[in-house]
1. Could you give the size of the charge dipole of the chain about its Cα centre, using +1 on the Cβ of each K and R and -1 on the Cβ of each D and E, expressed in debye and rounded to the nearest 20?
2. Quick one: angle between helix 241-265 and the longest Cα principal axis of the chain, in degrees between 0 and 90, rounded to 10, please.
3. Add -39500 (n - 2.57) for each DSSP H run of 4 or more in the chain, then divide by its residues: what number comes out at 222 nm, to the nearest 500 deg cm²/dmol?
4. Report, to the nearest 10°, how far helix 384-409 tilts away from the longest principal axis of the Cα atoms in the chain, using its own Cα long axis and a range of 0 to 90°.
5. Count the lysine pairs in the chain whose Cα atoms lie under 14 Å apart, taking only pairs 8 or more positions apart in sequence or on different chains.
6. Can you bin the range 21-174 into rounded, prolate or oblate? Criterion: square roots of the alpha carbon gyration tensor eigenvalues sorted a ≥ b ≥ c, rounded for a/c under 1.5, prolate for a/b above b/c, oblate for the rest.
7. Would you mind computing, in nm to one decimal, how far apart the modelled labels at Val107 and Leu368 are, each placed 7 Å from Cα along Cα→Cβ?
8. Projecting each Cα onto the charge dipole of the chain (Lys/Arg +1, Asp/Glu -1 at the beta carbon, about the Cα centre), which of Thr44, Ala68, Ser323 comes out farthest on the positive side?
Amino acid sequence: MATEDNKQSGAGTTPAPSSSEETRPPVRKASWKLVGPGIVVAATGVGAGDLVSTLIAGSKYGYTLMWAAVIGCIVKIALAEATGRWHLATGRTIFDGWRSLGSWTTVYFAIYVVVWGFVYGGTAMSSSGLPLEALFPGVLDLKGWAIITGLVGLAFVWFNRYAVFEKVMTVMVGIMFVVVVYVAILVSPDIGAAFAGLAPVLPDGSVLYTLGLIGGVGGTITMAAYGYWVNAKGWTDSGWMKMMRLDNRVAYITTGVFVVAMLIVGAELLHSANIAIAEGDKGLSDLGNVLEDRFGAFTSVLFLIGFFATSFTSLVGVWHGVSLMFADFVERMRAARKADGEGDGDQAVAAVAGGQREKSLPFRAYLLWLTFPPMTLLWLEQPFGLVVAYGVLGAFFMPFLAFTLMWLLNTSRTPREWRNGILSNVMLFASGMLFIVLCVQQVREIPW
């Protein structure tokens with residue numbers, strides 16, 4: 001099995017460098033057959049809440065904000081490319097890079113990953129349970145379906161490795177893609193208005209919707225997890241750079257199709273009929289009812305299946321990707337303590353990097369943290385202090401990611417050949433400033 005995985009990913013094909021001199025890794029050709037981590041990050045990053053926010057933007061402003069959706073995908077391509085480039089160019093993980101910037105990054109990440117994981121776990125399970133409750137009315141209530149999806153996600157990630165995980169995520173993305181595009185075609189889009197929406201225009205009162213559309217769709221912490229999925233695929237050196245860049249573009253072109261399709265649905269189905277839907281995941285349940293009234297039960301059921309695929313891929317993707325990040329976090333802390341005690345940090349880190357994180361105790365411990373403690377939130381309203389902490393920490397993550405990547409990729413921490421160019425710096429700086437604005441707005445909206 002391991003041999004087959006290596007054949008598919010390309011792992012193990014790099015010739016060993018000679019003992020007398022270092023050799024540059026061979027440049028691999030970019031092949032569509034090897035695309036994978038990008039599909040995973042697209043599936044994980046586009047959740048039910050993201051699709052609803054796009055729907056609402058379309059319902060309020062029609063096609064006017066189409067340009068913002070396109071810019072949002074370009075911004076995310078730049079961020080994910082920078083994350084993947086760091087992993088491949090340096091052979092170090094993003095958390096290892098953050099640690100090199102100072103202990104403050106470790107403190108922030110430690111608090112963030114614990115609080116975020118607790119709240120997100122309950123949210124993801126609830127979101128995945130909603131379409132199942134609608135598809136099978138009267139069988140179980142929302143709490144029951146939510147618990148089942150959490151347990152299924154836990155078992156799937158616990159007992160499978162990346163190769164299987166990627167294949168299943170690809171199938172689920174296919175379901176999402178077909179359903180969302182089908183619904184967008186069904187509502188008869190106005191092609192002329194859609195192209196007109198590519199011209200940057202800001203209708204009255206649309207600034208925050210526009211910023212949210214640019215920055216909110218396509219992942220938060222999963223952007224940082226992309227580098228870990230790249231490594232899990234078997235891409236571990238700069239010879240895979242071309243392949244990673246193709247993979248990354250596929251990811252966010254796919255994301256762009258989702259966003260544009262849902263904007264079309266919002267513009268044609270909701271905006272034209274002046275229909276309002278709820279914010280958050282329940283908005284997709286509302287849309288299912290609208291589709292049933294307009295196009296019949298078959299379309300509604302098909303949409304609910306796509307809704308489930310969208311929510312469940314986000315759940316499983318986070319269960320896998322963020323657990324990899326947490327395992328790396330724990331491993332680096334252990335390596336640092338060993339280095340302090342033995343004075344051989346490089347060897348300690350190298351030993352850690354060669355480990356199998358998907359089988360490690362920290363990986364599985366974080367899986368359990370994402371699954372069982374958050375189940376209490378299905379019965380209880382989120383505690384006030386937890387809501388505040390989650391909102392503040394979450395709002396700061398994307399500016400944190402954008403500006404730390406600029407720091408890492410413009411210094412001697414990165415080989416000169418792979419440091420940022422002008423375009424990368426402009427995109428990362430622009431995205432960082434955008435996320436600061438969104439951060440301030442999100443903090444202002446927290447119920448202090």
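Each reported figure results from applying straightforward, stated rules to the coordinates on display, with no laboratory input. These figures come from a predicted structure and were not determined experimentally. In this analysis, Cβ positions are derived from the backbone assuming ideal geometry, glycine residues included, and neighbour counts consider all displayed protein chains.
1. 1020
2. Roughly 10 degrees, rounded to the nearest 10.
3. Details: 18 runs with 322 residues, N = 448.
The per-residue figure over the chain is -24500 deg cm²/dmol.
4. Taking Cα atoms only, the helix is inclined about 50 degrees.
5. On the way: Lys7/Lys33; Lys7/Lys233; Lys29/Lys242; Lys33/Lys167; Lys33/Lys233; Lys33/Lys242; Lys167/Lys233.
Going through the chain pair by pair, I get 7.
6. On the way: a/c = 1.62, a/b = 1.42, b/c = 1.14.
Prolate, because a/c is 1.5 or more and a/b exceeds b/c.
7. 2.9
8. Ser323
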